[in-house]
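Right, one structure below, let's go through it.
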Amino acid sequence: MRLKAPRGPLSSQTVPTAGGPAARPQRFSAFAGRARPSLLATFAIVSLIPLATLGFGLFYFLEGQIRSRALDGTRNAATLVARSSVEPIVLHADLRAPLAARLRQDLAASRKQLHAAGVVRIKLWNLDGKVVYSDRRDLVGRTFRPSDELLKAADGRIVSEVSDAEKAENVDDHGYGKLLEVYVPLRSSRGRVGSVFEMYMPYAPVAAAIANDLRTLALILLAGVAFLWAALFPVVARASKRLRRHAAEAEYLALHDRLTGLPNRALYLDRGRQALLAATRRGDRVGVLVVDLDRFKEINDTLGHRYGDELLRQVEPRLRSALRVGDTVARLGADEFGVLLSDVGGTDGAIDVVNRVRQAVEKPFVVDDVPVAIEATVGVALFPDHAENIDDLLQKAGVALHTAKAARLDWQLYEPRVDEHSRPRLTLLPELREALSARQLILYYQPQLDLATGTVANVEALVRWRHPTRGLLPPVEFLPVAEQTGFIHSLTRYVLDEALQQCKSWQSAGFDLGVAVNLSARSLGTNDLAKQVHQLLEERNVMASSLTLELTESAIMSDPFRAVTVLTKLRAMGVRLSIDDFGTGYSSLAYLKRLPVTEIKIDRSFISNVTSDDDDAAIVLSTIQLAESLRLGVVAEGVETAATFEAL
């Protein structure tokens, strides 16, 4: 039998080496903003802009067409008159010389006909810009600078324009108001343009006709735009109604659980923020519960998801019935519900609601004629006791829930001492990874004394972290983080390598010492653990019998079949195997017999009282006798006094 000294550095031999759904409201006060104008009213206003633009555009385009058509009609009539009554008279005349008396008489007769047709003024131009005939005698024989219209007409084109009073030849025509000038090229007997006949016609009738047509056009366009707007309005009204219905549905689903109709996490958190603000003003306390349905996964897997969904629908009204007026229940996840208790008073008030919730849930359910029984586990956090914002309160209640489930409790109030998810722990992992590469992790060695020889036959490697700012940290500060994240694999390999290297150093110096290293349950679950150990033994040139791997009962029993397989491989290599803290776990003697272990370690909780507690002494004696009958070695952990040493 070997005795294990108290934990701590070895003075001379310590060598550091490194509800069914509720009615769906259309608005939610928590998220409501300013009143928005109706979508239909917005359309009614906004749609007028493109329709009015379209109407004005069409009016502008058609106005030009109407004006052009009116002028073209007048111009064509004037051209017909000129060509039929004037052109035959001057067809053979030489307009460079004064007109003969007969031609003047004929033109005078034609002028009377033209005046009767509404022509106010006439002029006959030769191609040199000279007036060879006019109803105004003072203009006859005068030469003017040819206007653009006259030049265009001399080129063979019929030109018309509204009179320009600034022209020299028009200065005496102001009394007629606006006039329409028409320039008609007249052919000579040679077939070429020989002269230009200019007529002045009143513009007022043309303008009146244009105005009348434009009024008619405006009325038609206005009626068309109004009809189009009226035709679109009911279509948009129906679309607006559908959009508003879809928007309300989307808003509802954004804040509620589709299956149960309960508020979802987003709405729960928003109501929680409001409750905390109100509680801060009044000095009240607020409770946050996280309720988890036990055996829900079993029901889902056994009966199917349809039964699970129906069960959740039935749970909803029961949860509502267990709460007070003003409390909120929300669905946070699959089978997880959140409860917000405003003005809870204190712990007793919260626990009273917890008990009512559990009683409501524990009553049997009937799902499609199948009786179903479930229970609830509840985590509780209080404001301002445990956190000052709703997000942290919900996280604390979740931690309390997980603590309750791990300890098989009905409910658990949040306690900081059991919170393994604190922010310092979260930041610890990257520091731990860096510590491994920086060799900040060091090993201390605890001696194990052989009672038969009185010598130190073995040492146990104990890892510590020499943190650059926090000092020397014990394993309890960082090993849980390593085990949760899988970093334990790298850490275990590092400790094994360092321990074997130190073991070889001692053996080379003449000290026949073995070394023991602790393994976690996660390390035991590694498929190539035996291969890694064999590789490290060869690299450090250490015999397998010099290495002892220690495992707790709980680590072995977490997956006993895998444990037997892996440990058998290690034992076949010659590695010694020890069950650590024997007597504190739940291993059975049947498994103990099957495991290829070489020794068991009696937990210090029994050893420390072996001289003062008869029950502990009996347990220690029975364990020693059991080990002897199974031909196993025994290590007593925590021998700190001479009396304990003598008793063993």
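The values are calculated or read from the model by the stated rules, or taken from the named source; none is laboratory data. Computed from a predicted structure; not experimentally measured. Reconstructed Cβ throughout: ideal geometry from the backbone, glycine too, with neighbour counts over all protein chains shown.
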Discussion item. What's the total number of residues in the range 290-337 that are assigned to a helix (DSSP H, G or I), closer than 16 Å to Glu375 by Cβ and basic (Lys, Arg)?
Written reply: 2
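Taking the range 525-568 only, how many residues are among the polar types (S, T, N, Q), within 13 Å of Arg493 (Cα to Cα), modelled with pLDDT of 80 or more and surrounded by 15 or more Cβ atoms within 10 Å (Cβ to Cβ)? Before you say what the answer is, go through the steps one by one.
First pass over the range 525-568, keeping only residues among the polar types (S, T, N, Q): 526-527, 532, 535, 541, 545-546, 548, 552, 554, 558, 565, 568.
The next check asks that each one be within 13 Å of Arg493 (Cα to Cα); those that pass are 526, 532, 535.
Okay, now just the ones that are also modelled with pLDDT of 80 or more, so 532, 535.
Right, trim to surrounded by 15 or more Cβ atoms within 10 Å (Cβ to Cβ) and you get 532.
Within the range 525-568, residues that are among the polar types (S, T, N, Q), within 13 Å of Arg493 (Cα to Cα), modelled with pLDDT of 80 or more and surrounded by 15 or more Cβ atoms within 10 Å (Cβ to Cβ) number 1.
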Fill in: Test result for Gly308, at negative phi and at pLDDT below 95
yes
Worksheet item: Out of the residues in the range 297-339 that are surrounded by fewer than 16 Cβ atoms within 10 Å (Cβ to Cβ) and small (Gly, Ala, Ser), which is farthest from the chain's Cα centre (by Cα)?
Response: Ser321
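Tell me, yes or no, whether the range 256-276 has at least one residue that is closer than 21 Å to Phe56 by Cα and not charged (D, E, K, R). Before the answer, list the steps.
Of the range 256-276, the ones closer than 21 Å to Phe56 by Cα are none.
Within the range 256-276, none of the residues are closer than 21 Å to Phe56 by Cα and not charged (D, E, K, R).
Ser342: loosely packed, with under 13 Cβ neighbours inside 10 Å and out of contact with any Leu (no Cβ under 7 Å at 6 or more places or on another chain), yes or no? Walk me through how you get there before you give the answer.
Working: loosely packed, with under 13 Cβ neighbours inside 10 Å: no; out of contact with any Leu (no Cβ under 7 Å at 6 or more places or on another chain): yes.
Taking the combined requirement at face value, the residue does not satisfy it.
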Worksheet item: Of all residues in the range 245-289, which are within 20 Å of the chain's Cα centre (by Cα) and not in a helix (DSSP H, G or I)?
Response: His256, Asp257, Arg258, Pro263, Asn264
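Looking at the structure I just gave you, is Arg192 of a type outside the set (Gly, Ala, Ser), under 27 Å from Asp72 (Cα atoms), loosely packed, with under 14 Cβ neighbours inside 10 Å and out of contact with any Cys (no Cβ under 9 Å at 6 or more places or on another chain)? Full working, then the answer.
Working: of a type outside the set (Gly, Ala, Ser): yes; under 27 Å from Asp72 (Cα atoms): yes; loosely packed, with under 14 Cβ neighbours inside 10 Å: yes; out of contact with any Cys (no Cβ under 9 Å at 6 or more places or on another chain): yes.
When the stated conditions are applied, Arg192 passes them.
Taking only the range 74-93 into account, find how many residues are part of a loop (DSSP other than H, G, I, E, B) and loosely packed, with under 13 Cβ neighbours inside 10 Å. Full working, then the answer.
In the first step, residues of the range 74-93 are kept if they are part of a loop (DSSP other than H, G, I, E, B); the result is 86, 91-93.
Next cut, loosely packed, with under 13 Cβ neighbours inside 10 Å only: 92.
Of the residues in the range 74-93, 1 are part of a loop (DSSP other than H, G, I, E, B) and loosely packed, with under 13 Cβ neighbours inside 10 Å.
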